[in-house]
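The values are calculated or read from the model by the stated rules, or taken from the named source; none is laboratory data. Fair warning: this is a prediction, and the values are worked out from it, not measured in the lab. Ideal geometry is used to build each Cβ from the backbone, glycine not excepted, and the neighbour counts take in all protein chains shown.
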Amino acid sequence: MTDTVTLLAHLEGQPSIQAARERRAKAVNATQACEDLLLAPDMPCGLPPALRLAVARDVAAASGVATLAEHYSAQSGRIGAPAQNARWHAIAHFARLLATRPVAADRAALLALPAAGLPTADVVVLAQLVGFISFQARLVAGVAALAALGPAADAATPAATAAEAPFVHPAHLPAPGAPLRLNGYTSETLDWKAWLPVVNPATATAEQIAVLDASHPKARQSDFYLLLAHQPRVLAERSEAFNAIMYAPGGLPRLERELATTVVSRINGCVYCASVHAQRFEQLAKRNDVIAQIFIDPDQAGTNARERAIVQASAALTRAPGAFGPQQLAPLRAAGMGDLELLDLVHAVALFAWANRLMLNLGEAVHP
């Protein structure tokens with residue numbers, strides 16, 4: 001399949017990786033559809049193509065993934081620079097802040113955009129664009145690292161480990177399912193409140209209602225989805241990508257996708273996302289010991305070699321995608337992961353570069 005990731009990660013002559021990506025065709029196609037829509041010349045928003053491409057170029061450059069930065073720089077150069085006015089400077093400042101320090105893109109940073117003349121629907125486009133390029137940068141870096149790692153040996157097996165003793169729940173932690181609260185993070189159920197006006201379901205368009213209902217069973221009661229519904233086509237593509245990555249059958253076990261996304265959320269400072277995915281991990285694994293470790297210090301987390309490899313690779317791709325390489329994936333290969341499992345891990349980690357940025361910059365977690 002030919003798409004931006006295939007081109008930039010140089011996957012020619014990589015049949016095993018291409019085969020893994022073909023098994024994840026829904027995620028691949030949704031990723032490309034998001035790029036095509038967010039940068040389309042006829043995108044229904046007040047942000048002209050030159051401005052959106054300049055934002056994509058700047059966010060890609062901030063990620064440190066040179067191939068992606070060059071990809072958007074070339075497109076931006078062909079179409080020309082956006083008008084260098086106060087509105088552009090407000091947009092550019094916000095995009096760079098969200099790209100590099102998402103937890104700092106707070107309410108004041110967001111509300112500077114309406115103050116600069118952007119209507120809510122355009123703010124949503126901008127937030128989705130910055131989130132998407134942050135995702136795409138990590139996806140390109142991770143897939144390129146997988147290509148450089150080389151294929152698994154035909155008879156590859158997990159490294160031998162001593163027989164594991166029966167799990168004993170740590171006495172100092174609450175029982176799995178009970179709220180875990182450590183270092184400002186929690187596994188309890190939180191709410192989320194938008195900082196901008198949301199779509200009213202009673203007056204929403206038929207398209208908005210259809211997208212809400214397809215995105216999540218409780219989307220009509222969720223500020224998050226009601227805010228993103230200002231741009232229903234983008235929300236539809238984003239939901240397609242999310243579901244294709246997090247719920248694809250086979251490959252990396254679901255609980256390990258939840259573990260990786262908890263790590264990403266902890267590093268990015270997204271209390272809401274960390275709570276959701278810590279809770280999902282606990283429900284699947286029936287334990288919370290590694291979650292407690294992640295909340296306290298993600299760099300030291302992991303109860304066995306495979307968990308530690310997942311945590312460390314997730315942290316490295318989150319923090320510095322431009323420096324990510326096969327050396328970060330080698331411990332995972334040694335733990336027995338094949339190409340499809342590694343691709344699933346890269347997808348999940350990259351996805352939460354996007355999800356965290358939306359949650360952090362468009363609203364705030366609300367504790368019960």
Within region 1-28, residues being in contact with an Asp or Glu (Cβ under 8 Å, 6 or more places away or on another chain) and under 21 Å from A355 (Cβ atoms) number 4
In region 63-98, anything in contact (Cβ under 8 Å) with a residue 12 or more places away in the chain, among the hydrophobic types (A, V, I, L, M, F, W, C) and under 18 Å from T4 (Cβ atoms) is listed as V65, A66, L68, A69, I79
The one condition R287 fails out of (1) closer than 30 Å to A105 by Cα; (2) not in a helix (DSSP H, G or I) is (1)
Filtering region 210-232 down to residues that are buried (at least 17 other Cβ atoms within 10 Å of the Cβ) and assigned to a loop (DSSP other than H, G, I, E, B) yields S222, A229, H230, Q231
Q) Has region 44-62 got any residue that is in contact (Cβ under 8 Å) with a residue 60 or more places away in the chain, in contact with a Phe, Trp or Tyr (Cβ under 9 Å, 6 or more places away or on another chain) and among the small types (G, A, S)? A) yes
For region 198-209 the number of residues that are in a helix (DSSP H, G or I) and exposed (fewer than 14 other Cβ atoms within 10 Å of the Cβ) is 2
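For (1) in contact with a Pro (Cβ under 6 Å, 6 or more places away or on another chain); (2) in a loop (DSSP other than H, G, I, E, B); (3) modelled with pLDDT of 95 or more, each residue gets a yes or a no:
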| residue | (1), (2), (3) |
| --- | --- |
| G250 | no, yes, yes |
| T262 | no, no, yes |
| R266 | yes, no, yes |
| A274 | no, no, yes |
| A278 | no, no, yes |
| A292 | no, no, yes |
| I310 | no, no, yes |
Wholly inside region 15-120, helices (runs of 4 or more DSSP H) that include 2 or more residues that are basic (K, R) are 15-23, 49-63, 86-100
By residue number, the members of region 1-14 that are of a type outside the set (D, E, K, R), surrounded by fewer than 16 Cβ atoms within 10 Å (Cβ to Cβ) and not in a helix (DSSP H, G or I) are M1, T2, H10, G13
Margin query: Going by what's in this entry, would D299 be described as surrounded by fewer than 19 Cβ atoms within 10 Å (Cβ to Cβ), assigned to a helix (DSSP H, G or I), touching a residue at least 12 places away in the same chain (Cβ under 8 Å) and among the charged types (D, E, K, R)?
Written below: yes
The correct count of residues that are surrounded by fewer than 18 Cβ atoms within 10 Å (Cβ to Cβ) and either without any contact (Cβ under 8 Å) to a residue 40 or more places away in the chain or under 18 Å from the mean Cα position of the chain (by Cα) (or both) in region 19-32 is 4
